[in-house]
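Every number here is computed from the coordinates shown, using simple stated rules; none is lab data. Quick caveat: nothing in here was measured; it's all calculated off a predicted structure. Cβ coordinates were reconstructed from backbone atoms using ideal geometry, including for glycine residues, and neighbour counts include every protein chain displayed.
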Amino acid sequence: MMLLVLYTLLIVASYLLGAIPFMILISRARGVDISHEPDLHQAMWFKVGRRWGLFAVLLDILKGVVPILAGLLLQFPLAVTVLAGLAAVCGQMWTVFRKFDGERGNTTGAGMIITLTFALNGILTLVIAICFVIVGIILRTVTRWRASGATLNERLRFKGSQSMVLPLLVMAGFASCPVTAWLFGLPIEMTLGFLALVLLLLIRRVTAGLRDDLRDGFRWSVIINRLLYDRSEI
């Protein structure tokens, strides 16, 4: 019974950690309110500063790292540890501190994957996932850096047609994790955990702000664009 209580405490604490809106807290401490911005990471980068934007990304990654490390150090069952990581991701996506409307979960999910693969000899799974992301970043960025007259901020923005490939390949990177974890014989808890993570990320992509997009009627194109490109219109 005591172990069950400890397992539950870890999962609940992981959700609360993931739910802490660090970006909003940091931005307000810097005299900027980004709470109503559609993309908090981008708002941190361009309105608070690139250094603070990078710091916010690292904090969100740590949200996925800390629960996994805690579960491993406490020698909890791997299933419980994976659930704690997923709880942190849910906390970032559906935070209780912002009326259950948070971020997309990518950074916290990445922290979860990084920690599990390093700890359990799954580095190749991580490398394959990172390759997808790197290709996406290169394809998104190369056109902008070749454009004459573009400012640094314009080249770094995530919006626009050049960025369509990035969310597509980011999701491909996440989706590769359960496949490669299974192929490489990693623990089944990792494979199922990575699969659950992909499903959570897709659910968040589809549902975040969906009510506003469908106010004038249901359109399949909105759902498909959200799944593939993490946006309603392309």
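In whole Å, how far is the Cα centre of the stretch 55-77 from that of the stretch 93-146?
Answer, in whole Å: 15.
For the chain, what does the relative contact order come out to in percent, with C-alpha contacts under 8 Å and a separation of six or more? Each step should come with its number before you reach the end.
On the way: 315 pairs, mean separation 40.7, N = 234.
Taking the mean separation of contacting Cα pairs over the length of the chain, I get 17 percent.
Indicate the helices, whole DSSP H runs only, in the chain that combine a mean Kyte-Doolittle hydropathy of -0.5 or more with a Cα extent along their long axis of 27 angstrom or more.
On the way: long enough: 50-73 (33 Å, 1.44); 123-146 (34 Å, 1.89); 188-207 (28 Å, 1.81).
TM-like helix candidates: 50-73, 123-146, 188-207.
Any idea what Rg and Dmax come out to for the chain if you just take the C-alpha atoms, in Å?
18.2, 65
Can you give the net charge of the other residues whose Cβ lies under 15 Å from the Cβ of Arg211, counting K and R as +1 and D and E as -1?
Working: positive: Lys99, Arg204, Arg205, Arg215, Arg219, Arg226; negative: Asp101, Asp212, Asp213, Asp216.
That sum, taken over residues with Cβ under 15 Å, equals +2.
Place the peptides 128-139, 34-45 in order of packing, highest mean first, counting for every residue the other Cβ atoms within 10 Å and averaging per peptide. Numbers along the way, then the final one.
Numbers: 128-139: 16.2, 34-45: 17.9.
My ranking of the peptides, most packed first, is 34-45, 128-139.
Report the local net charge at Met171: Lys and Arg +1, Asp and Glu -1, summed over other residues whose C-beta lies under 13 Å from its C-beta. Intermediate results must be reported in sequence, preceding the final value.
Working: positive: Arg104, Arg204, Arg205, Arg226, Arg231; negative: Asp230.
Combined, the nearby Lys, Arg, Asp and Glu give +4.
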